[in-house]
Amino acid sequence: ITKVEEFHSSTVLSLTTEYTYLNGKLNTEIIRLPNETRYFETKYTYNADGTISCDGKGMNMPVGQSSSSSEKYTLKNGNLVKIESISNGQVDRTSQLEYDAKKNPMINVIGTNLLISRGDLTLNNRVKITTVTDDSSNKEVTYTYLYNNEGFPTEQKRFDGGKLNYTVQYTY
């Protein structure tokens, strides 16, 4: 997968994400808005301890504006289980992700397992994300699913703080 285009409607482009690879792994991700010269570029580094470091930076930004981010991803059993957001060299937010034992709907789409930031780097379905910030505030997001006979989800519901946020229907 080298490019993903997202649309507001069937004809209005809202976002383009471009991907490059090195040695079979995601190397860079570039997010562009239509009709903009500025963009956000993330570079991925695969660490010896099995984690992935992500360093992003706004490019072609107006004078006086800057945008950057750093994260570290931890993988376990084919799932992204921890995301650490880093600011000024310190972890300022940690998200722990939990999964069910069923199949992720994107598991058979070739290449999606390489797209780390899109959340498709998982074998299973997220059921809970617990985020703790450096000021000790907590946020919990949970997901529930309905499954077909092959173990793939047919419906996903996302709850933010216990309140239904959205529902996704999957058809195969």
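The values are calculated or read from the model by the stated rules, or taken from the named source; none is laboratory data. Since this is a predicted model, take the numbers as computed values, not measurements. All Cβ positions, even for glycine, are placed from backbone atoms using ideal geometry, and neighbour counts span all protein chains on display. All accessible areas refer to the heavy atoms of the entire protein, side chains included, with ligands and DNA or RNA removed. Shrake-Rupley method; radii C 1.70, N 1.55, O 1.52, S 1.80 Å.
Descriptive notes on the structure:
- Scanning the range 95-121 for residues that are at pLDDT 85 or above, among the polar types (S, T, N, Q) and either surrounded by fewer than 17 Cβ atoms within 10 Å (Cβ to Cβ) or under 20 Å from TYR172 (Cα atoms) (or both) yields GLN96, ASN104, ASN108.
- Within the set ASN124, ASN108, the sole residue that is within 21 Å of VAL4 (Cα to Cα) and part of a loop (DSSP other than H, G, I, E, B) turns out to be ASN108.
- Filter result (out of contact with any Gly (no Cβ under 9 Å at 6 or more places or on another chain) and open to solvent by less than 50 Å² (accessible area, probe 1.4 Å)) within the range 138-153: TYR143, TYR145, ASN148, GLY151, PHE152, PRO153
- When every residue of the range 32-41 is checked against the conditions, none turns out to be open to solvent by less than 50 Å² (accessible area, probe 1.4 Å), closer than 18 Å to THR112 by Cα and either in contact (Cβ under 8 Å) with a residue 60 or more places away in the chain or not aliphatic (A, V, I, L, M) (or both).
- Of the residues making up the range 154-165, not a single one is open to solvent by 50 Å² or more (accessible area, probe 1.4 Å) and touching a Pro at 6+ places or on another chain (Cβ under 9 Å).
- Odd one out for SER10, checked against (1) surrounded by 15 or more Cβ atoms within 10 Å (Cβ to Cβ); (2) assigned to a loop (DSSP other than H, G, I, E, B): (1)
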